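The values are calculated or read from the model by the stated rules, or taken from the named source; none is laboratory data. Small disclaimer: the values here were computed from a predicted structure and weren't measured. Don't worry about glycine lacking a Cβ; one is built from the backbone with ideal geometry, like all the others, and counts go over all protein chains shown.
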Amino acid sequence: MNWATFILVVAAVLLAGCSEPNNSPPAAQSIPPYAPSTFRIDVTRLIGDHRYQEAAAYLHSADAERQAVHDRSGFIAVAEDAIVLPGAPADAQFDAKRDWELPGTSDAVIDVAWQAAATKFAEAYNAIAIERPNN
């Protein structure tokens, strides 16, 4: 190795070592804006991608009354020890043909914040759904 090559190699190593590492976290994926027509698709996609925090934030941004009016039938169910309908009448029973079970809810809670957001949203939604004639 000649001196010129040696100096170039040493300079490259020193310059590489002097550059600051990129310690910034990866860019957070944004949550989609709430829209009644894509609500179920958006929630399902977020949960399918294991983006529980974003899914909880999405539910917090969603309008339960607007969604219930858009859907016009059924309740939103949450899986706990059993599949429950928070906010629905006590005698209401889950009906898979009528109701939608929020994905990512379970008796073995996967994400506490998601489970809490799902339950809160379902309770508000189902309280509106009770007033609809199709339930």
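Tell me, yes or no, whether the range 128-135 has at least one residue that is modelled with pLDDT under 95 and assigned to a helix (DSSP H, G or I). For the range 128-135, residues modelled with pLDDT under 95 and assigned to a helix (DSSP H, G or I): present. Exactly one residue out of 82, 118, 92 is more than 22 Å from residue 45 (Cα to Cα), among the small types (Gly, Ala, Ser) and touching a Leu at 6+ places or on another chain (Cβ under 8 Å), and it is 92. With respect to residue 61, determine if the residue is within 15 Å of the chain's Cα centre (by Cα) and over 19 Å from residue 39 (Cβ atoms). Criteria not met by residue 61. On the stretch given as the range 83-128, residues that are surrounded by 22 or more Cβ atoms within 10 Å (Cβ to Cβ) and of a type in the set (Phe, Trp, Tyr) total 3. Among residues of the range 106-121 that are farther than 15 Å from residue 84 by Cβ, those with a Cβ under 8 angstrom from a residue that is not in a helix (DSSP H, G or I), sequence gap 6+ or separate chain, pair up as 110/104; 111/104; 114/104; 114/105. If only residues of the range 27-79 that are of a type in the set (A, V, I, L, M, F, W, C) and part of a loop (DSSP other than H, G, I, E, B) are counted, the one that is surrounded by the fewest Cβ atoms within 10 Å (Cβ to Cβ) is 27.
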